[in-house]
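Here the structure comes first, spelled out in structure tokens, and everything after it is commentary.
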Amino acid sequence: MPEPDPTCSRVIVISGGTDGMGRALALARAGRGDTVVALGSNLDKGRRLLADADKSSVAGRVEFIRVDLSSVGQTRAAIGEIIARHDVIDALVLFANRQAPERTTTAEGFEQTFALYYLSRYILGYGLLSLLRRSEAGVIVNVAGVGMVKGKIHWDDLQLENDYGMVAAQLQAGRANDLLGVAFAEQPDNPVRYVLYHPGFTRSGDLSPLPAVLRASLSVAARLAARPIAESIAPIHEFIDTPPSAPLTAIDRGKPVPLTLRTLDPANARHLAEATSSLLETVDRARP
């Protein structure tokens, strides 16, 4: 590993920073001299991340904030904590996701996958925008499934109350993240670059919520066909070190995705942004 250059150190926030690709990226960036803020819900995993940072001689460069990112209130509180600690953020990398075989709702009434995989990314991106704007080269990397065209936004049933399925929920949130990037990049006078990145099937993530049979089959598939974590996060280092010049970039397993793809439709992106803003307003109105 090259010696870190303190003159090039960055502040990087990573959602899902205690597991899989997020964890690997956190330790790798700290090893390069960056300050990393890792967001995660599991206290034990957060402690292990900090312990491994100590062992790797990067103690003090990794911070852990325990937060349930499926909660709007907790996500906003984490944003407040980050703003209190840091004046500038150079990169926000979004990994947090979890499979949900059964439909569950958060305390605020949102379907779990929608809340964690999509809504938290919306809130973090816009909530930390002021700090990202202060960077000389601010960038958001949204790690999802851009380039895929399966799945759809259920405009009349965003919370999937009528026909829930784990795959349908994952695909909807993935397509919502595609549109999130489009809407974010459309903001006028916005210097922060947005990258939609699909790494492909990777040996990463927490499979514990899944049924035992499905966990076993995915573990076998991962051993046979999945990409190593280091290979999947390599392009993210490039996005952080040298953000693209375009407001929006989409990369699917190493190949550029045309922004004309139907899943990146600007009208749909604006529609979803308006719907999301309305959903968050209902949360705010419900607060005492």
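Every read-out reported here was derived from the displayed coordinates using simple, explicitly stated rules and does not represent laboratory data. What you see is a predicted model; the values in this text were computed from it and never measured. Glycine also receives a Cβ, built like all others from the backbone with ideal geometry; neighbour counts cover every protein chain displayed.
Once R0 is set to 22 Å, what does the formula 1/(1 + (r/R0)^6) return for the Cβ-Cβ distance between Gln187 and Ser56, expressed as a FRET efficiency to the nearest 0.05?
It comes out at approximately 0.05.
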GNM, the chain, Cα, under 10 Å: largest mean-square fluctuation among Ala78, Ala226, Ala115? Ala226
Matching label for the computed Rg and Dmax of the Cα atoms in Å, out of (1) 18.0, 54; (2) 18.0, 61; (3) 18.8, 57, is (1)
Hey, can you grab everything whose amide H is under 5 Å from the amide H of Arg193? Only 5+ residues off in sequence or another chain; H modelled, so Pro and N-termini drop out. Gly138, Val139, Ile140
Taking every DSSP beta bridge that has both residues in the chain, what percent is antiparallel when rounded to the nearest 5? 10
Selected from Val93, Val149, Val11 as most flexible by GNM, with the chain as the system and alpha-carbon contacts under 10 Å: Val149
Show the residues, 5+ positions off or on another chain, whose built amide H is closer than 5 Å to the amide H of Val36. Ile12, Val62, Glu63
Have a look at Ala24, Ala59, Ala38 and tell me which one the Gaussian network model of the chain (Cα, springs below 10 Å) gives the largest fluctuation. Ala59
Using θ = phi - 60° and Karplus 6.51 cos²θ - 1.76 cosθ + 1.60, couplings along region 251-268 (whole Hz; Gly, Pro as x): 10, 10, 6, x, 10, x, 9, x, 6, 8, 4, 4, 6, 10, 5, x, 5, 5
Per-residue HN-Hα couplings for region 47-53, Karplus 6.51 cos²θ - 1.76 cosθ + 1.60 at θ = phi - 60°, whole Hz, x for Gly and Pro? 5, 5, 4, 5, 5, 5, 5
Residues whose placed amide H lies under 5 Å from that of Thr202, excluding near-sequence neighbours: Arg227
Hits among lysines - C-alpha to C-alpha of Lys150 under 25 Å, sequence gap 8 or more where chains match: Lys255
Among all the aspartates and glutamates, which ones have a C-alpha under 15 Å from Lys55's C-alpha, if same-chain residues fewer than 8 places away are not counted? Glu63
For region 237-243, take each phi angle, set θ = phi - 60°, evaluate the Karplus expression 6.51 cos²θ - 1.76 cosθ + 1.60, and give the result in whole Hz per residue in order, putting x for glycine and proline. 4, 5, 4, 6, 6, 9, x
Want the number for Ala286 to Ala77: 0.36 nm per residue separation, take away the alpha-carbon distance, what's left? 73.5 nm
Positive-end extreme of charge dipole, the chain - chosen from Tyr122, Leu279, Val13 (charges on Cβ): Val13
Let's see if you can work this out: charge +1 on each Lys and Arg Cβ, -1 on each Asp and Glu Cβ, no other charges. What is the dipole magnitude of region 1-150 about its Cα centre, in debye to the nearest 20? 160
